[in-house]
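The values are calculated or read from the model by the stated rules, or taken from the named source; none is laboratory data. Given the structure is predicted, the values throughout are model-derived calculations rather than measurements. Every residue, glycine among them, receives a Cβ derived from its backbone with ideal geometry; neighbour counts consider all protein chains shown. Only protein heavy atoms, including side chains, enter the accessible area calculation; ligands, DNA and RNA are left aside. Shrake-Rupley method; radii C 1.70, N 1.55, O 1.52, S 1.80 Å.
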Amino acid sequence: SVLPGKEYTVETFADGEQTHVLAITIKNKVPNTSNTVANELATPDASPRFLEPIARLGRRALESLGYQTGPGHVELMYDGHSQPALIEAAGRGAGFMVFERFVPLVSGYDIVTASAQQAVGLPTRPVLITPQAGIIRFFESRPGRVLQVSGFQQIKALGRVEAASFVKI
């Protein structure tokens, strides 16, 4: 609440020589959670000029920690007028299907395989990014019992859409 702008994430992969920005997302938050719970991450519809300070801070935050290999996740605030402000930087992938599913889909880079290869000392393929727009959305839960889950076949029939349920009947 004290930092100007919206919250963004920077998803990276460091190959020992360079920190590559694979994806930038803008977070939308669940109302009445003190801006702490995200229900949507989306690739922003913004110019490269707007996104460059976000990408630069993401790379610099991880590099200043001496982080040179593996996935990275940075959260920051940015309004497009002042400098971006760092919230957190970590040598890890983002959670809730962002690292293993969303980042590969929007970047075209298989960060999961590359991370595993690095972990066992194997070379990784060069980072070539083919950016795609994407949104990952989580629906709020409510207290109660789940009696039925439906609609996923119709959603998947739309094409280029993935949907799944975290709850069980």
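Filter the stretch 77-95 for residues that are more than 18 Å from Phe50 (Cβ to Cβ) and in a loop (DSSP other than H, G, I, E, B); which is nearest to the chain's Cα centre (by Cα)?
The residue in question is Ala94.
Could you list, in sequence order, all residues of the stretch 154-165 that are open to solvent by less than 100 Å² (accessible area, probe 1.4 Å), in a loop (DSSP other than H, G, I, E, B) and of a type in the set (A, V, I, L, M)?
Those that are open to solvent by less than 100 Å² (accessible area, probe 1.4 Å), in a loop (DSSP other than H, G, I, E, B) and of a type in the set (A, V, I, L, M): Ala157, Val161, Ala163, Ala164.
Within the group Val74, Val112, Val106, which residue is of a type in the set (Val, Ile, Thr), assigned to a helix (DSSP H, G or I), open to solvent by less than 20 Å² (accessible area, probe 1.4 Å) and at negative phi? Spell out how you get there, then give the answer.
On the way: Val74 fails: assigned to a helix (DSSP H, G or I); Val112 fails: open to solvent by less than 20 Å² (accessible area, probe 1.4 Å).
One residue alone meets the criteria, Val106.
Only residues that are among the aliphatic types (A, V, I, L, M) and free of Cβ contacts under 8 Å to residues at least 40 places away in the same chain: list them for the stretch 123-133, please.
Taking the stretch 123-133 and keeping what is among the aliphatic types (A, V, I, L, M), we get 127-129, 133.
Listed by number, the list holds a single entry, Leu128.
Restricting to the stretch 134-153, name every residue that is touching a residue at least 60 places away in the same chain (Cβ under 8 Å) and open to solvent by less than 90 Å² (accessible area, probe 1.4 Å). Let's see the steps before the verdict.
From the stretch 134-153, those touching a residue at least 60 places away in the same chain (Cβ under 8 Å) are 134-140; that's our starting set.
Result: Gly134, Ile136, Phe138.
Among the residues in the stretch 37-51, are any closer than 30 Å to Ala163 by Cα and assigned to a helix (DSSP H, G or I)?
yes
Can you tell me how many residues in the stretch 1-36 are assigned to a strand (DSSP E or B) and open to solvent by less than 40 Å² (accessible area, probe 1.4 Å)?
The initial filter retains those residues of the stretch 1-36 that are assigned to a strand (DSSP E or B), namely 6-15, 19-29.
Still in the list and also open to solvent by less than 40 Å² (accessible area, probe 1.4 Å): 7-14, 19-27.
So the answer is 17.
Just checking, which of Ile26, Ile111 is β-branched (Val, Ile, Thr) and in contact (Cβ under 8 Å) with a residue 40 or more places away in the chain?
Of the residues listed, the single one that is β-branched (Val, Ile, Thr) and in contact (Cβ under 8 Å) with a residue 40 or more places away in the chain is Ile111.
With within 28 Å of Asp15 (Cβ to Cβ) and touching a strand residue (DSSP E or B) at 6+ places or on another chain (Cβ under 7 Å) as the only criterion, which of Gly66, Gly72 stands out?
Unique residue meeting the criteria: Gly72.
Is it fair to say Leu76 is closer than 21 Å to Arg92 by Cβ and modelled with pLDDT under 95?
On the way: closer than 21 Å to Arg92 by Cβ: yes; modelled with pLDDT under 95: no.
The answer is no for Leu76.
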